[in-house]
Each structure stands twice: as structure tokens, then as C-alpha cells.
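Accompanying notes for the structure given below.
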Amino acid sequence: MVGVIGVIALLTVLFLSLLITRLASVALKLTGLSSESARFQARSAFTGTGFTTSETEKVVNHPVRRRIIMLLMITRSAGLISIIISLILSFATAGEEAGRMVRLSWMVGGIACLWLLVNIKLVDKSMNRVMEWALRRWTDLDTRDYTGLLNLHGEYSVRELRLDEDDWLVGKKLKDCKLNKEGITVLGIYREDGSYIGAPRADSEMYAGDLLVLYGRGKRLRELDERRADASGEMAHQRAVSEQREHEEEQERQEQAHKKKKEREEKGKQGGGKKQEKRKEE
């Protein structure tokens, strides 16, 4: 009986490890890594292998990816697997033989379910979708490394926004939303059927299930994600337009100050050049 429990403990630990690395792989994939790279980096971190590659540098230099890898390392170093084994063995040795067999049956059934989750393609795809949805819904992970790709700075960023039925944007055309007046640019739209519209036109309509790729200030993009299709949504839009107008006025003042500074520098260079020419003539 002890040998059987040992085998079950080993298999349980193996499947739990696979599930943990799978979740980490999905999270890394959301940051822009390919599926293969995400899977490799997750398993490398969890097993402590520590390969040094150019892809590893991309993980280390990205704050979100670095946080995911760090959590994997902590999970591994905290002895979680050893704790699980101890719990399983303690659980299996308690009670009568009949009770242990019932519990053993439950364990075997659970392992069979895990095996199905890992090996059946349809279930595997569904599980990835659920994990991706959960990570998008309950974490603040930025889903792409656009900061490094576009060299973005300050409060501006690129963000993906999944539209739900009650979102303010659903059922509207881009020209009707007037997102440009909020300082937001729609770079592309992923349709629910998998098609992609790059640089969408003003007549492009948005539907529930669409995934928008947006550029703008991070605070404004987060607020747009929470905006609902009711009176409060329209009020939020008006506030955003007003705030963007003030922001643009401040930017204009900064531009004018920068322009005057450049003009003074240019005049200084011209004056210095004339002095040098006069000295040469003398």
C-alpha cells in the first residue's frame, strides 16, 4: 500500500508541476513571447536549469516577465512540492483500510482528470483560454512588451481591451466614439472569428468579443476599459474629452517653450559664427 501511495504522490507532484508551469507559460505568452519560448522559460525557471540565452535577457529586462519568473522560483524554493507529498502520505495513512482505498480512488480519479487536461487538444486549448481570461481579468499584467518594441516613455502605452456586452464601445462606430478627442488611437481590432483589422477606418463598428489594440495614456485606457454603456459612460467620455483638452493645452505650452529655447540656441550659434568670421578677417 505504501508503494502505491508513493507512486500516486510522484504522479501528483508531476502533474501539479505541469499545471504550474502551464499557467506561467500562458502568463509569459500574454506578454508577447511565443508559445515555445514561454514554455521553455517557464520550465527552465521552475526546474532551476538556468539556461542563458538572448530570450532569457528579454525575460530579465521585462518587469512583468521578471515578476512571473520570480514567482516560479519562489514556488519551487518554498518546498511546495515536498509539502504536498507530506500531506498526501499523512492523509493516506489515516483511518481504516477501506477509508484509505476510497481516498485512493479519489486521488486516481483526480490524476486521470489532470491527464485529460494536459493531453486532449480541445481541453488543452480551452484550459489555456480560461487561464488567459483569468490572468486578464484578475491581474494587471500588460499583455505585450510594447514598451520595448515601440520605445514608449512616460504615461503613454499600448494596451489591449476585450469588449464585453455592456461596454460603452460596443455597437458604436469609431467615428461616433470620438476616441481621438480623448487622446486615444485605435491601432487595430481583432475580431472574435480571428480576423484582424489594422488601422481601422472611421466606419469600423465594434462588437462584443472584439479585442482592441489602443494607444494612449495608461490612466485613460484603464478608465475606458471600465466604462459601461449607460449614462455614466457618456459622462465619463465628456470628462475624458475635457481632461484631454487641458492636457493638449499644456503640451502646446511646453512645445512653445521648447521652440523658443531652440530659437535662442540657433541665434547664439549664428552670433558665435559671425564673431569667428570677424576675427579671421582681422
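Only the coordinates and a few stated rules stand behind these numbers; no lab work does. None of the values given here were measured: they were computed from a predicted structure. Methodologically, a virtual Cβ is constructed for each residue, glycine included, from the backbone with ideal geometry; neighbour enumeration extends over all protein chains shown.
What to note about this one:
- 3J(HN,Hα) along the stretch 204-215: 5, 9, 10, 10, 4, x, 5, 10, 8, 9, 10, 10 Hz, from the Karplus curve 6.51 cos²θ - 1.76 cosθ + 1.60 with θ = phi - 60°, whole Hz, x for Gly and Pro.
- Sparsely packed loop sites in the stretch 189-278 (the trypsin sites (Lys or Arg not before Pro) outside DSSP H, G, I, E and B with at most 14 other Cβ atoms within 10 Å) comprise Arg191, Arg201.
- Of the GluC sites (Glu not before Pro) found in the stretch 158-266, those that fall in a DSSP loop while having at most 14 other beta-carbon atoms within 10 Å are Glu165, Glu192.
- The calculated FRET efficiency for the pair Asp176 and Lys261, based on their C-beta separation and a Förster distance of 51 Å, comes to about 0.80.
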